[in-house]
There are 2 protein chains.
Amino acid sequence: MSVTAAAGFRAAGVAAGLKPSGKPDVALVVNDGPQHAAAAVFTSNRCKANPVLWSERTIADGQLSAVVLNSGGANCYNGPEGFQTTHASAELVAELTGGQAFDVAVCSTGLIGQPLDRPLLEAGIRAAHTELSPDGGPAAATAIMTTDTVRKEALVTSADGWVVGGMAKGAGMLAPALATMLVVVTTDAVADAATLDQALRAATRTTFDRLDTDGCMSTNDTVALLASGASGVQPTLDQLTAAVSAVCADLAEQLWHDAEGAHHDIAIEIAGAASEADAVEVARAVARSNLFKAAIFGNDPNWGRVLAAVGTTQAAFEPEKIDITMNGVKVCVAGGTQFGAPSTEVDLSGRDVHVLVELNAGPATATVLTSDLTHDYVHENSAYST
Amino acid sequence: MSVTAAAGFRAAGVAAGLKPSGKPDVALVVNDGPQHAAAAVFTSNRCKANPVLWSERTIADGQLSAVVLNSGGANCYNGPEGFQTTHASAELVAELTGGQAFDVAVCSTGLIGQPLDRPLLEAGIRAAHTELSPDGGPAAATAIMTTDTVRKEALVTSADGWVVGGMAKGAGMLAPALATMLVVVTTDAVADAATLDQALRAATRTTFDRLDTDGCMSTNDTVALLASGASGVQPTLDQLTAAVSAVCADLAEQLWHDAEGAHHDIAIEIAGAASEADAVEVARAVARSNLFKAAIFGNDPNWGRVLAAVGTTQAAFEPEKIDITMNGVKVCVAGGTQFGAPSTEVDLSGRDVHVLVELNAGPATATVLTSDLTHDYVHENSAYST
């Protein structure tokens with residue numbers, strides 16, 4: 001039940017006509033309390049969509065009573081009307097739920113630069129409000145899908161009775177910091193806004209921020225965490241961080257497996273780095289190499305392209321000490337100065353690909369999740385708006 | 001006649017059997033003097049191929065008597081044998097031409113991580129030596145081609161009798177600093193090594209370094225400039241820089257037009273930047289957006305993806321002041337806060353695409369040349385080694 005698994009939350013998802021397909025496109029998540037503490041993180045893109053500009057302000061006081069989300073339009077770069085539409089939708093949710101507009105976060109996803117139809121959106125919000133239900137999580141998760149092929153939900157239940165649930169959407173423009181990705185995580189734990197903020201930032205840093213399917217950073221990314229306190233249980237920061245991280249990791253994996261056009265799910269693991277930052281930098285460089293990603297699409301264990309990508313970074317390493325293992329076969333030993341196993345021993349016929357790069361420069365590790373570069377990716381992204 | 005247009009140079013290109021196709025794959029360029037001043041720039045990739053490791057040392061004294069080049073193998077990450085093969089080929093050229101091995105630069109291009117057949121290479125060098133000719137430029141330019149569909153040559157003739165000629169190869173892994181790109185530029189001007197180095201660095205900074213077809217930096221890039229002094233004319237640094245820059249710009253344009261799988265040649269021009277560095281950073285961010293590149297492939301003037309890429313940079317700008325013009329149509333005004341012309345007015349049916357991003361933050365400009373992301377690019381790079 002995802003976003004409504006935690007006590008104190010109701011949700012709904014309806015078809016408002018924003019999507020030409022007629023599929024569900026407006027979702028509403030309401031926190032019935034008793035508490036309304038919240039935290040959120042947003043895209044680090046400096047060109048932000050209207051709902052991000054709005055939601056950044058609403059979260060400033062650490063309180064959210066509701067999140068309204070729409071697919072079928074990013075509400076981004078579409079003139080002054082766009083921000084007014086975001087504002088009006090928050091006002092409408094506040095009016096319907098008896099709260100304040102400044103406690104309503106707004107999220108939008110879809111095409112950039114197009115007007116968002118305000119009358120359709122407002123009618124959808126009214127319909128969603130009438131359908132709010134403690135069982136509405138799946139409907140809400142469905143209504144935020146764009147090119148997603150499956151809805152994404154996750155749930156962690158603690159031993160002492162509180163839960164963390166979440167929903168996510170995202171299939172393209174997936175890159176840190178954060179992806180075109182809308183995520184709402186809810187909990188019935190008792191926690192103040194500062195604690196929620198710490199837990200959420202710790203969770204996203206090692207989950208969504210390490211998902212980089214196509215190197216493209218979105219204008220709309222939002223991850224919100226709302227706490228109702230309805231369980232009456234107050235976990236420690238570590239307990240809360242662990243649960244939120246588990247839900248975020250689960251959702252990030254679902255986004256990864258559903259990346260646009262991907263034929264292979266590629267985990268780039270860097271070991272032996274001098275620092276975690278170095279490991280992330282190197283992993284990201286490999287994850288963004290179009291030549292490497294195209295080779296994996298062709299089931300070609302072209303480790304030379306991995307090493308070429310590693311060489312573009314500023315991380316601490318000596319080229320002649322790098323080992324590369326692909327799906328368990330060590331194909332590159334000591335930066336190619338010694339012969340490794342033949343590339344023909346690497347089996348890339350399955351969907352899962354694991355690339356281990358051992359820098360042999362220190363103790364730190366990091367893994368970045370990416371996808372191969374395929375004809376389907378090119379097709380989907382050259383034809384998306386036409 | 002490209003690399004042999006300048007007096008004092010002979011060249012040859014032969015088929016040595018390094019390429020399975022049997023096409024020409026070994027080229028030799030010899031400077032008969034009377035002078036042998038030279039300069040070179042190399043990939044900034046930290047994982048460098050054996051010929052780059054060798055040539056970086058040979059250029060240290062500012063002298064080159066010859067350059068030997070092969071396609072059919074990058075001689076990169078292939079064990080200690082690889083460096084010895086590079087060394088042996090320089091020794092052989094020195095023996096045949098009566099010079100010193102340390103005055104012979106070596107360049108290789110092809111697959112990374114594969115052994116390079118030394119006996120075949122050495123036989124090719126001997127054959128090339130017997131065919132050295134003042135008319136051998138085109139044959140040499142042909143022998144360095146890999147996935148190039150046409151050979152690349154350029155020539156600038158000065159009013160007072162000295163010339164600058166050049167040849168280049170490169171179609172994929174094209175990104176700064178420098179691309180998988182081998183370039184030899186020759187001149188019969190009189191110039192010392194320090195002057196050549198200044199002229200070459202100034203030229204590459206605004207030409208090859210602004211070519212970024214696929215964001216992938218090579219391990220083998222080399223651009224060498226050799227001067228014979230045979231014209232007896234000593235140009236000023238400015239005159240030499242202008243001529244070398246013109247040849248490099250011409251060759252860079254040829255590389256751009258022949259980029260692997262490209263259907264559109266896209267020039268990203270940034271105007272109104274606070275600094276040239278800002279302009280280059282923004283242009284490169286757009287040039288590396290797979291979503292933008294896929295949209296152009298689909299003839300989709302998706303300016304939202306341009307703005308999303310601009311937003312990932314640290315350049316000075318305010319999002320609501322950015323204007324975007326695509327092929328002459330201003331589709332984004334004031335960062336989308338005002339309505340621009342309809343995207344439907346943009347004609348992307350031709351090969352040439354010009355994207356002008358006006359940051360309105362200062363006087364600086366820069367243009368980066370890139371390509372669209374196409375099915376042919378994916379096909380060529382998923383099937384290249386198989």
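The values are calculated or read from the model by the stated rules, or taken from the named source; none is laboratory data. Quantities reported herein were computed from a predicted structural model and do not represent experimental measurements. Glycine also receives a Cβ, built like all others from the backbone with ideal geometry; neighbour counts cover every protein chain displayed. Just so you know, the surface numbers come from the protein's heavy atoms only, side chains and all, with ligands and any DNA or RNA stripped out. Shrake-Rupley method; radii C 1.70, N 1.55, O 1.52, S 1.80 Å.
Counting only C-alpha contacts under 8 Å and six or more residues apart, can you give the relative contact order of segment A:186-258 as a whole percent?
This gives 56 percent for segment A:186-258.
Taking N as the number of residues in the protein assembly as shown, what is its Cα Rg relative to 2.2 N^0.38 Å?
Values: Rg = 28.6 Å, N = 772, 2.2 N^0.38 = 27.5 Å.
So the Cα radius of gyration is 1.04 times the expected 2.2 N^0.38 Å.
Select from A:79, A:3, A:22 the residue farthest towards the positive end of the dipole of segment A:1-81; place +1 on Cβ of Lys and Arg, -1 on Cβ of Asp and Glu, and compute about the Cα centre.
Value computed over the given set: A:22.
Kindly give the distances from residue B:318 to its copy-mates, label point to label point, with each label point 7 Å from Cα along Cα→Cβ, as nm values to one decimal ordered shortest first.
Label-point distances to the other copies, shortest first: 5.2 nm.
Counting other C-beta atoms within 10 Å, and keeping those with at most 10, which DSSP coil GluC sites (Glu not before Pro) do you find in segment B:1-106?
Details: sites: B:56, B:81, B:91, B:95; in loops: none.
Nothing satisfies the criteria.
How big is Rg to Rh over segment A:213-265, alpha-carbon atoms, Rh as the Kirkwood inverse-mean-distance radius?
Reported Rg/Rh (Cα atoms, Kirkwood Rh): 1.10.
Calculate the translational D of segment B:1-107 in whole µm² s⁻¹ from Stokes-Einstein, where the hydrodynamic radius comes from the Kirkwood formula applied to all Cα pairs, the temperature is 37 °C and the viscosity 0.692 mPa s.
Details: Rh = 14.4 Å.
Stokes-Einstein gives a translational diffusion coefficient of 229 µm²/s.
Translational D (Stokes-Einstein, µm²/s) of segment B:84-139 at 37 °C and 0.692 mPa s when Rh comes from the Kirkwood sum over C-alpha pairs? Before the final figure, lay out the partial values.
Details: Rh = 12.3 Å.
Using the Kirkwood radius from Cα pairs, D works out to 267 µm²/s.
Put +1 on the Cβ of each Lys and Arg and -1 on the Cβ of each Asp and Glu in segment B:265-383; which of B:349, B:382, B:270 then has its Cα farthest toward the positive end of the dipole?
Farthest along the dipole direction, towards plus: B:382.
Ignoring ligands, DNA and RNA, how do B:367, A:219 rank by accessible area with a 1.4 Å probe, largest first?
On the way: B:367 55, A:219 0 Å².
Greatest to least solvent exposure: B:367, A:219.
Taking the label point as lying 7 angstrom from Cα along the Cα-to-Cβ axis, what are the distances from residue A:194 to the corresponding position in the remaining copies, in ascending order and in nanometres?
With the label placed 7 Å along Cα→Cβ, residue A:194 yields 6.2 nm.
Lys and Arg at +1, Asp and Glu at -1: add these up for the other residues within a Cβ distance under 12 Å of residue A:279 and post the number. All intermediate terms of the calculation are to be shown ahead of the outcome.
Details: positive: A:210, A:284; negative: A:269, A:276, A:278, A:281, A:358.
After counting each charged neighbour, the total is -3.
Can you give me the pair-distance distribution of segment A:124-163, C-alpha pairs, 5 Å bins, whole percents?
P(r) over segment A:124-163, rounded to whole percents: 5, 18, 20, 20, 17, 12, 6, 2.
How high is the relative contact order of segment B:1-156, in percent, with contacts defined as C-alpha pairs under 8 Å that are six or more residues apart? Please report the intermediate quantities before stating the final value.
Working: 360 pairs, mean separation 55.9, N = 156.
36 percent.
Quick one: compute the contact order of chain A, relative version, from alpha carbon pairs under 8 angstrom and 6+ residues apart, as a percent.
Relative contact order of chain A: 18 percent.
Could you work out [θ]222 nm for chain A from helices alone, using -39500 (n - 2.57) per DSSP H run of at least four and dividing by all its residues? Round to the nearest 500 deg cm²/dmol.
Values: 10 runs with 118 residues, N = 386.
Value at 222 nm, helices only: -9500 deg cm²/dmol.
Only bridges with both residues in chain B count here: give the DSSP antiparallel percent, nearest 5.
On the way: 48 of 67 bridges.
Within chain B, antiparallel bridges account for around 70 percent of the total.
Quick check on packing: order B:99-108, A:234-243 by the mean number of other C-beta atoms within 10 Å, highest mean leading. Before the final figure, lay out each step's value.
Details: B:99-108: 23.5, A:234-243: 17.5.
By packing density, highest mean first, the sequence is B:99-108, A:234-243.
Given N residues in segment A:265-383, what is Rg(Cα) / (2.2 N^0.38 Å)? The partial results should precede the final answer.
On the way: Rg = 13.8 Å, N = 119, 2.2 N^0.38 = 13.5 Å.
Computed over Cα atoms of segment A:265-383, the ratio equals 1.02.
If you count, for every residue in B:307-316, the Cβ atoms of partner chains within 10 Å of its Cβ, what is the mean?
Details: counts 8, 17, 5, 3, 9, 12, 3, 1, 1, 0.
For this peptide, the per-residue mean of nearby foreign Cβ atoms is 6.
Which far-off residues, 5 or more places away or on another chain, put their amide H under 5 Å from the one on residue B:104, with H placed in the peptide plane?
Residues meeting the amide H criterion: B:65.
When all C-alpha to C-alpha distances in segment B:199-295 are sorted into bins of 5 Å, what percent of pairs does each bin hold, rounded to whole numbers?
Computed distribution, short to long bins: 2, 10, 18, 21, 18, 13, 7, 5, 3, 1, 0.
HN-Hα J couplings of segment B:85-96 from phi, Karplus 6.51/-1.76/1.60, θ = phi - 60°, integer Hz, Gly and Pro as x?
5, 4, 4, 4, 5, 5, 4, 5, 4, 4, 4, 6
For residue A:160, place a label point 7 Å from Cα along the Cα-to-Cβ direction in every copy; what are the distances to the other copies, in nm, shortest first?
Taking the point 7 Å beyond Cα along Cα→Cβ, the inter-copy spacings are 8.7 nm.
Taking each residue in B:110-116, count the Cβ atoms of any other chain within 10 Å of its Cβ, then average. What number comes out?
Details: counts 0, 2, 8, 14, 2, 1, 0.
Mean partner-chain Cβ count within 10 Å for B:110-116: 4.
Out of all DSSP beta bridges in the protein assembly as shown, what portion is antiparallel? Express it as a percent rounded to 5. Intermediate results must be reported in sequence, preceding the final value.
Numbers: 96 of 134 bridges.
In the protein assembly as shown, DSSP labels about 70 percent of beta bridges as antiparallel.
Might you report the magnitude of the Cβ-based charge dipole of chain A about its Cα centre, with Lys and Arg at +1 and Asp and Glu at -1, to the nearest 20 debye? Before the final figure, lay out each step's value.
Details: 21 positive and 43 negative charges, 111 e Å.
I would put it at about 540 debye.
Between segment A:308-360 and segment B:250-309, what is the C-alpha centre distance in whole Å?
Between the Cα centre of segment A:308-360 and that of segment B:250-309, the gap is 31 Å.
So in segment A:1-156, what percent of DSSP beta bridges are antiparallel if you round to the nearest 5?
Details: 14 of 19 bridges.
Among the beta bridges of segment A:1-156, antiparallel pairing accounts for roughly 75 percent.
When you look at the Cβ of every residue in B:370-377, what mean number of other chain Cβ atoms sits within 10 Å?
Details: counts 0, 0, 2, 6, 3, 6, 2, 5.
Mean shielding by partner chains, rounded to a whole number: 3.
Please compute the length gained on full extension between residue B:237 and residue B:330, using 0.36 nm multiplied by the number of residues separating them and subtracting their Cα-Cα distance.
Using 0.36 nm per residue and subtracting the Cα-Cα distance, I get 29.4 nm.
About the Cα centre of segment B:265-383, how large is the charge dipole given +1 on each Lys and Arg Cβ and -1 on each Asp and Glu Cβ? Please answer in debye to the nearest 20. Let's see the in-between values first.
On the way: 7 positive and 16 negative charges, 38 e Å.
In debye, rounded to 20, segment B:265-383 gives about 180.
What number does chain B give for Rg over Rh if you use C-alpha atoms and the Kirkwood radius? Intermediate values should be presented prior to the final figure.
Details: Rg = 21.5 Å, Rh = 21.3 Å.
So for chain B, dividing Rg by the Kirkwood Rh gives 1.01.
Pull up the cross-link candidates among the lysines for residue A:169, meaning alpha carbon to alpha carbon under 19 Å and not fewer than 8 places away within one chain.
Within reach: A:19, A:23, A:48, A:152.
With +1 on the Cβ of every Lys and Arg and -1 on the Cβ of every Asp and Glu, and nothing else charged, how large is the dipole of the protein assembly as shown about its Cα centre, in debye rounded to the nearest 20? Please report the intermediate quantities before stating the final value.
On the way: 42 positive and 86 negative charges, 37 e Å.
About 180 debye.
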